[in-house]
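Here's the structure we're looking at; comments come further down.
The values are calculated or read from the model by the stated rules, or taken from the named source; none is laboratory data. For clarity, every value in this text was computed on a predicted model and none was experimentally measured. Quick reminder, even Gly has a Cβ in these numbers, built from the backbone with ideal geometry, and neighbours come from all protein chains shown.
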Amino acid sequence: MSKNRKGIEVSIGAADAVAMADVDVIAAYPITPQTHIVEHLSEVVARGDLDAEYIPVESEHSAMSVCCGASAVGARTFTCTSSQGLALMNEIVFIAPCMRLPIVMILANRSLSGPLSIWNDHSDVMSIRDCGWIQVFTENGQEAFDHVFFAFRVGESPDVSLPVIVNMDGFILTHVIEAIEYWTPEMVRQYLPEFKPVNRLHPDKPVTMGAFGMPNIFTEAKMAQNEALLDSKEEILKAWKEMGDITGRYYKPVETYHAEDAETVFLTMGSLSETVSIVVDQLRARGEKVGQIRLRLWRPFPFEELRNEVKHVKSIIVLDRAISYGGPGGPVAGEIRAALYSEKNKPLVTNFVAGLAGRDVTVNNYIDMYEKTQKLAGSRVRQEDYTIYGVRE
Amino acid sequence: MIEIRLHGRGGQGAVTSAELLALAAIQEGKYAQAFPSFGPERRGAPVVSFCRIDDEPIRLRTNITNPDLVMVLDPSVLRLVNVLSGLKEDGILVTNTKYSGEQIRKELGIFHSLGTVNATKIAQEELGVPITNTTMLGSLLKARQIVDPDSLIEPLKKRFRRVVERNIRAFKRAYEETIVIPKQG
């Protein structure tokens, strides 16, 4: 057994990764909704084990403001939040990518209140779907740990220079103790170069950042921002490849499980994916041609990879962890349907919204979804059709 | 895979017990998960925590509804909560109680294998407080050796530092004093 394998709470593991990445500034609002991630980092900094500024601000709005300032002067910058915290941070979240500030944020996904809730779903991240950050999803503690290094590496790359959100499910991941294979300091050195910003605020070479965008330049600025996000894909793929070469764990924008010859696939994001892989095993044992597509890269959206993986598929069951009220069901299903609209052979896309605010979604629930979907074969499912699963009556 | 559900009251260390068990298993090279029943923390209220242990990576991330083992840290919870909910037929209930296994079996009307120990008494005598998390772990391992009892020593040392010796004593005493009666019929 490797000596770097540790039993640890996933939040603490992720915080250790942030410390190992030798972050310079951490700004966070330290109470609810927050995780042990920044609590642990505050202890590491207070003990003197990490030479960084830990700035406990009075709100998440200030946390992201501080992050923008710190990143603008060239500091490696980190923050972390959830649900209402992200909502309060919202105004500044949209500014960071336009200013090309490679801040890294772990979003411990939790539901947005109304009714008041603290539990896990994806309503927080889906509320900022179009914020312009690179966004990835992780399924377990190891992936969360690995993606801290990935996020700094990709975001800070001079060709990218964009902020990155690492999504990890609140509670289901943040509060679980499991085994994580820690990187050695040598691996971190090899993978993550020193942050050298393309532009930074410095008195010796004054520049203007975050300036007014008059109508004659705003469109161009937005186009440039969008191009930057689209172009980041190249560095994302490179960073995953190199991580694989170092750790043996190769990540991809769209990952699959028994999808090659599947007629029906579940499409999942985040920690429910692991449970669904068990469902695939069980249904395969019954002789059903079932597989799984796991969407890891949410922005920039991996259109090409997705289309390639579902070319031969007849039916896709999309799991959503949030509702687009009055819209086309879940935000993920909407994207999948859009991505496949131009395809000649469109698979049937059914959409289940499940696991809202911590509602357990069991193996049997997924099997039930599969069986319900099989009955729909040959029928017409409209773009906007969806089922909110497991509603008690 | 072995699935364990732990019942206690907030503040008694049901979550810590699950953690220690998972850490011991991971130390043995196994895979494990420990997690609380997510929600606001409430001292004194009945709480549940969970632990999974396997030789293979664990992909299941749901609550545990059909446990192999149920461990009860506080005798009063036995009457408040259906601790037996979903317990497998050949599963084991391990409980803190001053009564005998036969008495508990009769009271709950169950056929399952049963491990009993007066953990509150042991904890009072060894630790000076009625916190039964480490004590009940000794009892659990007597009922079924999910991990080597020695594998718990390192996690106990890391967790309890100054009071580690007393916790180890309580753990070992419970291991010795637990009586396990087999499944009926």
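Structure values in brief
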| read-out | value |
| --- | --- |
| Subset of region A:304-347 that is surrounded by fewer than 14 Cβ atoms within 10 Å (Cβ to Cβ) and among the small types (Gly, Ala, Ser) - its residue that is farthest from A:ARG110 (Cα to Cα) | A:SER342 |
| Unique residue being within 13 Å of chain A (Cβ to nearest Cβ) and either at positive phi or of a type in the set (Lys, Arg) (or both) when the list is B:ARG59, B:ARG5 | B:ARG59 |
| Qualifying residues in region A:114-134 (those that are among the polar types (S, T, N, Q) and within 14 Å of another protein chain (Cβ to nearest Cβ)) - the one surrounded by the fewest Cβ atoms within 10 Å (Cβ to Cβ) | A:SER117 |
| Within region B:160-185, tally of residues that are farther than 14 Å from B:LEU140 by Cβ and of a type outside the set (Lys, Arg) | 10 |
| Condition met for B:GLY13 (more than 19 Å from B:LYS158 (Cα to Cα) and either more than 9 Å from chain A (Cβ to nearest Cβ) or over 11 Å from the mean Cα position of the chain (by Cα) (or both)) | no |
| Of the criteria (1) without any contact (Cβ under 8 Å) to a residue 60 or more places away in the chain; (2) under 19 Å from A:PRO158 (Cβ atoms); (3) outside any helix (DSSP H, G or I), which one A:PHE195 fails | (1) |
| In region A:215-235, the residues that are closer than 19 Å to A:GLY155 by Cβ and acidic (Asp, Glu) | A:GLU227, A:ASP231, A:GLU234, A:GLU235 |
| Residue that is nearest to the other protein chains (Cβ to nearest Cβ) [pool: residues in region B:24-49 that are part of a loop (DSSP other than H, G, I, E, B) and modelled with pLDDT of 95 or more] | B:GLY29 |
| Within region A:228-253, considering residues that are of a type in the set (A, V, I, L, M) and either under 19 Å from A:GLU186 (Cα atoms) or not assigned by TED's automatic domain parsing to the domain that holds A:GLN142 (or both), the one surrounded by the most Cβ atoms within 10 Å (Cβ to Cβ) | A:ALA239 |
| Strands (runs of 3 or more DSSP E) wholly inside region A:219-311 that include at least 3 residues being among the hydrophobic types (A, V, I, L, M, F, W, C) | A:264-268, A:290-295 |
| Residue tally, condition in a helix (DSSP H, G or I) and touching a helix residue (DSSP H, G or I) at 6+ places or on another chain (Cβ under 9 Å), over region B:151-185 | 24 |
| Lone unmet requirement of (1) away from every other protein chain (no Cβ under 14 Å); (2) within 26 Å of A:ALA179 (Cα to Cα); (3) polar (S, T, N, Q) for A:THR35 | (1) |
| Breaking point among (1) modelled with pLDDT of 95 or more; (2) crowded, with 19+ Cβ neighbours inside 10 Å; (3) away from chain A (no Cβ under 14 Å); (4) under 28 Å from A:ASN120 (Cα atoms), for B:LEU114 | (4) |
| Verdict on A:GLY13 being within 14 Å of chain B (Cβ to nearest Cβ) and touching a Phe, Trp or Tyr at 6+ places or on another chain (Cβ under 6 Å) | yes |
| Unmet criterion (only one of (1) among the hydrophobic types (A, V, I, L, M, F, W, C); (2) assigned to a loop (DSSP other than H, G, I, E, B); (3) in contact with a strand residue (DSSP E or B) (Cβ under 7 Å, 6 or more places away or on another chain)) for A:VAL361 | (3) |
| Test set (1) surrounded by 24 or more Cβ atoms within 10 Å (Cβ to Cβ); (2) within 14 Å of another protein chain (Cβ to nearest Cβ); (3) under 21 Å from A:TYR191 (Cα atoms) - A:SER2 fails condition number | (1) |
| Condition check for A:ALA87: of a type outside the set (Val, Ile, Thr), under 25 Å from A:GLN225 (Cα atoms), in contact with a Lys or Arg (Cβ under 9 Å, 6 or more places away or on another chain) and touching a residue at least 40 places away in the same chain (Cβ under 8 Å) | no |
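A quick yes/no check of all residues on (1) of a type in the set (Ser, Thr, Tyr); (2) farther than 30 Å from B:ALA24 by Cβ; (3) buried (at least 23 other Cβ atoms within 10 Å of the Cβ):
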residue: A:ALA15; (1), (2), (3): no, no, yes
residue: A:LEU41; (1), (2), (3): no, no, yes
residue: A:ALA63; (1), (2), (3): no, yes, yes
residue: A:THR81; (1), (2), (3): yes, yes, yes
residue: A:ALA96; (1), (2), (3): no, yes, yes
